[in-house]
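Below is one structure; the comments refer to it alone.
What follows is calculated from the coordinates using simple rules that are stated; it is not laboratory data. This one's a predicted model, so the numbers in the text were calculated from it and none came from an experiment. Note that we place each Cβ from the backbone using ideal geometry, even for glycine, and neighbour counts take in every protein chain shown.
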Amino acid sequence: MNPVLSLILLRVGIGLLVILAISALLFIGVELLPGDFARNFLGQSATPEAVANIRKELGLDQPLLTRYFDWLGGVLTGDFGTSWANKASVNEQLFKRLSNTLFLAAVAAVFAVPIAVSLGMVAVFFRNRLPDHVINIVSLAAISMPEFFVGYLFIFFFALLLGFGDGPPIIPNAPLWSLANVQLVALPAATLVVVVLAHMMRMTRAAILNIMDSAYIETAELKGVRMMTIIRKHAAPNAIAPIINVVALNLAYLVVGVVVVEVIFAYPGMGQYFVDAVTVRDMPVVQACGVVFAAVYVVLNMVADVGAILANPRLMHPK
Amino acid sequence: MSLFVFGYFALLIAGSSLAAYYERRDVFGVLFTVTLASLIFGLIWGQTAFWAVTIIAIMLAAAGGLGYSFRAYMVMLLPDKAARFMKSAPVTASFGLLVIIITLLLAIFADLVAPFGERAIVGDVWQAAGTACSGRNPFGQVIDGECLLGTDNLGRDMLSRLIYGAQTTISVAAAAGVLSFAIGMFLSFTAAAVGGWVDQVLSRINDLMLAIPTLIFALVVLAALPQNVYILVAVMATIDQTRVFRLGRAVAIDIAVQDFVEAARLRGEGWFWIIFREILPNVLTPLIAEFGLRFAFAILFLSSLSFLGLGIQPPEADWGGMVKDNKDGIIFLVPAALYAGAAIATLAVCVNMVVDWLLNRTASLKGGRG
C-alpha cells in the first residue's frame, strides 16, 4: 500500500481510538466519582425512596458496564438516548443545534484565519521592531480577556451605543447558511474572532520565525538572493505545513470557545444546550454533548496532523 | 472646528514630524498611521473617535509612566542582587507587577478598604456611579456614603463587591494553581525518575486527558459532583495538571539523562532524593514562569465557570459570578457587568506580562527560544 495512505489511515485509526477512550472516560470515569447521579438530579433533600424510584426509572440500577455498552451501541447507531429532564430524544436537539454551532464557528473562522495569518506575517516582517512589540502586547491582552468580557463589550458598544449588529437573543432564521444569518451573527462571530485571533497569530508568528531562523534561509540570504524570492521559493513552501497545523489547532479551540459565546448571546447552539443540561444535571445530554465536542476537537487535531503530513514531504517519510 | 480637534491634529502632526526628523522610523510609523486613520474615522464618527484615541493614549501613557517609575523605585529600594534582576524588567512587566501587588493588598485588606460590606444592601438596584447610598460597612455600622461605581443587581455596592470578589477569585485561583502545579510536578517527576511502565501508564492517561477540551471536561465532571468550593478547586487542579505534567516530564527527562543524575543513581540514592535534590533545583526557572501561566489560566477558567453558573455560588462575591449577576443590566446601559469583566481581564493581562518577561529571560539565558 502507498506509505502516505497507510500513514494517514494510521492517524485516523488512532483518532477513532482516542474518541472511543474519551467516551469511556466520560461515561465510566465520571460515574466512578463520589456522588450519586440520582441524588444530584433530585437535589440533596430528596428522600431515599424517591432516589430509589428514580434510579429504577432512569435505569441506573443496571450494572455500570452494561449501561456503558448499551449507550455505546446506541451512539454508534446514531442514537444518543433520552433526556432525563424532559424525556425527549437527545438526537433531534443535538443535530439541529450542532449545525447552528458549526455555522457560527465557520463564520468566525472565515474571518479569523486570513487576518491571523497575515498579522503573523506582519509581525515577522517587523520582527523586534515597534509594530512587532505593539502586536505582541495587543495579542497578549486579547489572550487574557475572558470571552464574556469581549462579548458584553461588543454588545454594550456596538449593539446598544452605536446601533450596529444584533444583541441577544440571536436566533438564526430558516435557511441556516444564508447571508442574512451571517449578518445576524456578526457580534458573536466577532467575539469568537477576537478570542481565537490572538492565539492563532502568535502561533503563526512563532512558526514562521522558526523557519526564517533556519540555515538554508541564511544561506540564500548570503548568496544574495532577493528577500521576496527567498520568501516565495524557500520559506513559503516550508511554512505551509506549520500554518495548516496552527489553523486546525485553533479551529479546534474555536469549537470550545463557542460554548461561552453561545451563552452570552443566547444563541441556540450546542454550547447553550450543554450548559443548560449541566445546570440541571441531565446526564444523558451532558455526556452526549461532551462526547460530540471532544470528538470534533479530536477530529480537527487529526486533520491538523494529516494536513501537516500531506504538506510536508519530510513527514511523509518518517524514520 | 473646535479647539480640541485642532490641538489633537497639531499634536499628532508635530509628533510625527519630530520622530521623522530624529529618524525614529517606528515611532513615526505609528504616529502617522494614527494621524491618517483619525482623518478617515473622524469623517465617519466625528469627534467621538478623537476622544477615544485621546483617552486610550492618555491611559497607555499613564500605565507606561507608572511602570517606569515603579521599576526605578524598586531598583532604588531593593538590595543589590534583586535590584539587578528588577532592572531587566520591561515597562510592561513592571506595570503588571505593580497592579498584581495592589490587587493582592486590596484582597488581603478587603475589610479595611471596602466602603460597605460584601452582602450589605446599600441602595436601589443598578444605581448610577457616584450616587449617594447608605448601609452597613464591613464592621456592621450603618454609614452614609457614595457608591463610586454604583450598585449591582440587588442594590449592593459595586466597588465593595469588586474588592471582596478579588479576595475570592484570587484565593480560589491560587489554590487551584498551586494544587495543579504540585500534582503535575509530582506525577511528572515520578514518571521521569521511575521510568518504565509507570511512565507509560501516566503518560498515556495524560495524553487522553489532554485530548478533551478543558472547559468541556470540567463541565461534564462538575455535572456529576455536588457543588462546593473544594470540589471546584480539585476539579480545576486535576484538569490543569495535565499541562504541567507535559512540561515537567519534558524538562525532567532532559535533565534525568545528565551525568550528575546518573551519578546519584549509581551512588544508590532513592528516587525521592533524585527528584528533590538533583532534578528540581535545575528546572526551577522555567517552572516559575509556568506557575504564573497556570495562575493566569486558573483566573480565566474560574471566571468562565462562575459565569456559566457552575463556579463559586452566590451570595459570595466573585468576578465571574458578578458578570453573570449583572449581565441583564447591559441592555439598560448599566455597565456593572463590564467592571467585573474588566477586573478579570486586567489581572490576567498583568500576570501574563510578568510571565512573558520571565519566559523571555529564561530563553535569553539559554541563548534563544530553542
- Message: Could you tell me the relative contact order of chain B? Use alpha-carbon pairs under 8 Å, at least six residues apart, and round to a whole percent.
- Response: 15
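May I ask you to sort B:Tyr73, A:Tyr68 by Cβ crowding, counting other Cβ atoms within 10 Å and putting the fewest first?
Details: B:Tyr73 13, A:Tyr68 16.
With the fewest neighbours first, B:Tyr73, A:Tyr68 line up as B:Tyr73, A:Tyr68.
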- Query: Once the Cβ-Cβ distance between B:Ala52 and B:Arg265 is put in as r, and R0 is 41 Å, what FRET efficiency do you end up with, to the nearest 0.05?
  - Reply: 0.05
- Note on the structure: Partner shielding of A:133-142, as the mean number of partner chain Cβ atoms within 10 Å, equals 3
- Message: Using Cβ counts within 10 Å as a stand-in for footprinting exposure, how do B:Ile331, B:Ile275, A:Ile208 rank, fewest first?
- Response: B:Ile331, B:Ile275, A:Ile208
- For the stretch B:270-336, the charge dipole (Cβ of Lys, Arg +1; Cβ of Asp, Glu -1; about the Cα centre) points to a positive end, and the Cα of B:Phe307, B:Ile331, B:Leu280 closest to that extreme belongs to B:Leu280
- If one takes the longest principal axis of the Cα atoms in chain A, at what angle in degrees, from 0 to 90 and to the nearest 10, does the Cα axis of helix A:48-58 lie? 60
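So for the stretch A:124-188, averaging the separation of alpha carbon pairs under 8 Å that are six or more residues apart and normalising by length, what relative contact order in percent results?
Details: 29 pairs, mean separation 16.0, N = 65.
Reported as a whole number, the value is 25 percent.
Can you sort B:Glu23, A:Glu57, A:Glu262, B:Glu290 from fewest to most other Cβ atoms within 10 Å of each residue's own Cβ?
Details: B:Glu23 8, A:Glu57 11, A:Glu262 26, B:Glu290 22.
Final ranking by Cβ density, sparse to dense: B:Glu23, A:Glu57, B:Glu290, A:Glu262.
What average number of partner chain Cβ atoms lie no more than 10 Å from the Cβ of the residues making up B:70-76?
Numbers: counts 0, 0, 0, 0, 0, 0, 0.
For this peptide, the per-residue mean of nearby foreign Cβ atoms is 0.
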- Query: Taking +1 at the Cβ of each Lys and Arg and -1 at the Cβ of each Asp and Glu, which of A:Val292, A:Leu140, A:Val75 sits farthest along the dipole of chain A towards its positive end, judged by Cα position relative to the Cα centre?
  - Reply: A:Leu140
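Any number yet on Rg/Rh for the stretch B:3-87, C-alpha, Kirkwood?
Working: Rg = 17.6 Å, Rh = 15.1 Å.
In the stretch B:3-87, Rg relative to Rh is 1.16.
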- Query: Which FRET efficiency, nearest 0.05, do A:Leu209 and B:Ala72 yield, Cβ-Cβ r, R0 30 Å?
  - Reply: 0.40
- Message: What are the extents of the Cα atoms of the stretch A:127-254 along their three principal axes, in Å, largest first?
- Response: 59, 34, 23
- Query: Label B:Trp273 and B:Asn228 with points 7 Å out from Cα along Cα→Cβ: what is the distance between them in nm?
  - Reply: 4.2
- Query: How would you classify the stretch B:158-363 from its alpha-carbon gyration tensor, with a ≥ b ≥ c the square roots of the eigenvalues: rounded for a/c under 1.5, else prolate if a/b is greater than b/c, otherwise oblate?
  - Reply: prolate
- Whole-Hz ³J(HN,Hα) from phi, Karplus 6.51 cos²θ - 1.76 cosθ + 1.60, for the stretch A:96-101, glycine and proline x: 4, 6, 4, 5, 4, 5
- Query: Assigning unit charges at the beta carbon (Lys, Arg +1; Asp, Glu -1) and nothing else, what dipole magnitude in debye, to the nearest 20, does the stretch B:158-363 show about its Cα centre?
  - Reply: 80
- Under 5 Å from the placed amide H of B:Glu146, counting only residues 5+ away or on other chains, we find B:Cys133
- Message: Assuming 0.36 nm per residue, please report the length gained on full extension of the stretch B:Ala128 to B:Arg246 beyond their Cα-Cα distance.
- Response: 37.7 nm
- Query: Between A:Thr229 and A:Leu310, what is the FRET efficiency for a Förster distance of 25 Å, r being their Cβ-Cβ separation, to the nearest 0.05?
  - Reply: 0.45
- Query: So which helices of chain B fit the span-like rule, where a helix is a whole DSSP H run, its Cα atoms reach 20 Å or more along the axis, and its mean Kyte-Doolittle is at least -1.0?
  - Reply: B:3-21, B:25-45, B:47-77, B:91-108, B:158-194, B:196-210, B:229-256, B:284-307, B:336-366
- Note on the structure: Toy charge model, Lys and Arg Cβ at +1, Asp and Glu Cβ at -1: the protein assembly as shown dipole around Cα centroid in debye, rounded to 20, equals 1840
- Query: In the stretch A:40-110, what trypsin sites (Lys or Arg not before Pro) fall in a loop by DSSP, with at most 13 other Cβ atoms inside 10 Å?
  - Reply: A:Lys87
- Under a plain spin-label model, where a point goes 7 Å from the Cα along Cα-to-Cβ, how far apart in nm are B:Arg204 and B:Lys87? 5.4
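In debye to the nearest 20, how big a dipole does chain B give about its Cα centre with +1 on each Lys and Arg Cβ and -1 on each Asp and Glu Cβ?
About 780 debye.
Would you work out the relative contact order for the stretch B:158-363, in percent, from Cα pairs under 8 angstrom that are 6 or more residues apart? It would help to have the intermediate numbers written out before the result.
Numbers: 228 pairs, mean separation 57.5, N = 206.
Result for the stretch B:158-363 is 28 percent.
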- Between the Cα axis of helix A:130-144 and the main Cα principal axis of chain A, the angle (0 to 90°, nearest 10) is 0
- Note on the structure: Listed by chain and number, the aspartates and glutamates with an alpha carbon less than 17 angstrom from that of A:Lys56, same-chain partners under 8 positions apart left out, are A:Glu31, A:Asp36, A:Asp70, A:Asp282
- With label points set 7 Å from each Cα along the Cα-to-Cβ direction at B:Val113 and B:Ala63, the distance between them in nm comes to 1.9
- Computed on Cα atoms only, the convex hull of chain A has an orientation-averaged projected area in nm² of 22.2
- Query: Over chain B, with a single point scatterer placed on each C-alpha, what log10 of the ratio I(q)/I(0) does the Debye formula yield at q = 0.06, 0.09, 0.15 1/Å?
  - Reply: -0.33, -0.72, -1.32
- Message: As I understand it, the dipole of the protein assembly as shown uses +1 on the Cβ of Lys and Arg and -1 on the Cβ of Asp and Glu, about the Cα centre. Which of B:Leu104, A:Pro188, B:Phe28 lies farthest toward its positive end?
- Response: B:Phe28
- Let a ≥ b ≥ c be the square roots of the eigenvalues of the Cα gyration tensor of the protein assembly as shown; is it rounded (a/c under 1.5), or, if not, prolate (a/b larger than b/c) or oblate? rounded
- Classified through the alpha carbon gyration tensor (a ≥ b ≥ c as square roots of its eigenvalues; rounded if a/c is under 1.5, else prolate when a/b is larger than b/c, else oblate), the stretch B:1-142 comes out oblate
